[in-house]
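Single-structure report; data block below.
The values are calculated or read from the model by the stated rules, or taken from the named source; none is laboratory data. Just so we're clear, the structure is a prediction, and the values are computed from it rather than from any experiment. Because the Cβ atoms are built from the backbone with ideal geometry, glycine has one as well, and the counts that use them run over all protein chains shown.
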């Protein structure tokens, strides 16, 4: 496969992954069964300071990006920026179209369906754009940083669980402080995401996205470059 065709394939995988993540976040919010861990934190904080979710998520991503720049610079790419800007606003758009434009009544079966779609798209979406090797979202880099800072004593899937649980705790505290409805951001969907998303990402990377990308290619995974980059920085 030519380098041009391979670039197009990676670019499309990156866009597909970020689209899936936007759908995931939107579906979690529509389900009313709780949102994913990072969204939980950002909804809790944005509600506390009375700022739109998309704008606050962009600010939070920018803050984390600064840390990633100094600790895992090779993880930054076009996908990093697209993810930072598009996921929060994409989720806002999905919720707006569903509730305000189409005025769909989210009955219990629809809420359950939205939850299942959110759970599925959360893992496969991150797996798609991580393996595309065009940059990793600032928050998704956190688990890689933990893994490599611990010299792989804490594997990626467990590092992801740690960061997700921490985000849920922060989101809950800010939501309570703001006096908002806690159960709109925390629920069974949040627990499923916090404890299962890391293993799901690893599963889809191993069995779906990496075989799909490298079927006709020999090369190095960008996420491995992130790990190797961080290893050298830890040694220094």
Tally of residues being touching a residue at least 60 places away in the same chain (Cβ under 8 Å) and out of contact with any helix residue (DSSP H, G or I) (no Cβ under 8 Å at 6 or more places or on another chain) across segment 192-211
0
Any residue that is surrounded by fewer than 18 Cβ atoms within 10 Å (Cβ to Cβ), closer than 27 Å to residue 59 by Cβ and either in contact (Cβ under 8 Å) with a residue 12 or more places away in the chain or under 19 Å from the mean Cα position of the chain (by Cα) (or both) - is there at least one of those in segment 96-115?
yes
When segment 137-150 is examined, which residues are found to be part of a loop (DSSP other than H, G, I, E, B) and more than 9 Å from the chain's Cα centre (by Cα)?
150
Just checking, how many residues over segment 30-59 are under 14 Å from residue 171 (Cα atoms) and in a helix (DSSP H, G or I)?
16
If I go through segment 24-71 residue by residue, how many of them are at pLDDT below 90, more than 17 Å from the chain's Cα centre (by Cα) and surrounded by 21 or more Cβ atoms within 10 Å (Cβ to Cβ)?
0
Sort out which residues of segment 175-223 are within 24 Å of residue 134 (Cβ to Cβ), modelled with pLDDT of 80 or more and exposed (fewer than 15 other Cβ atoms within 10 Å of the Cβ), and write them in order of number.
206, 207, 211, 212
Scan segment 174-191 for residues that are part of a helix (DSSP H, G or I) and within 18 Å of residue 139 (Cβ to Cβ) and jot them down.
174, 189, 190
Considering segment 12-23 alone, what residues qualify as being surrounded by fewer than 17 Cβ atoms within 10 Å (Cβ to Cβ) and touching a helix residue (DSSP H, G or I) at 6+ places or on another chain (Cβ under 8 Å)?
16
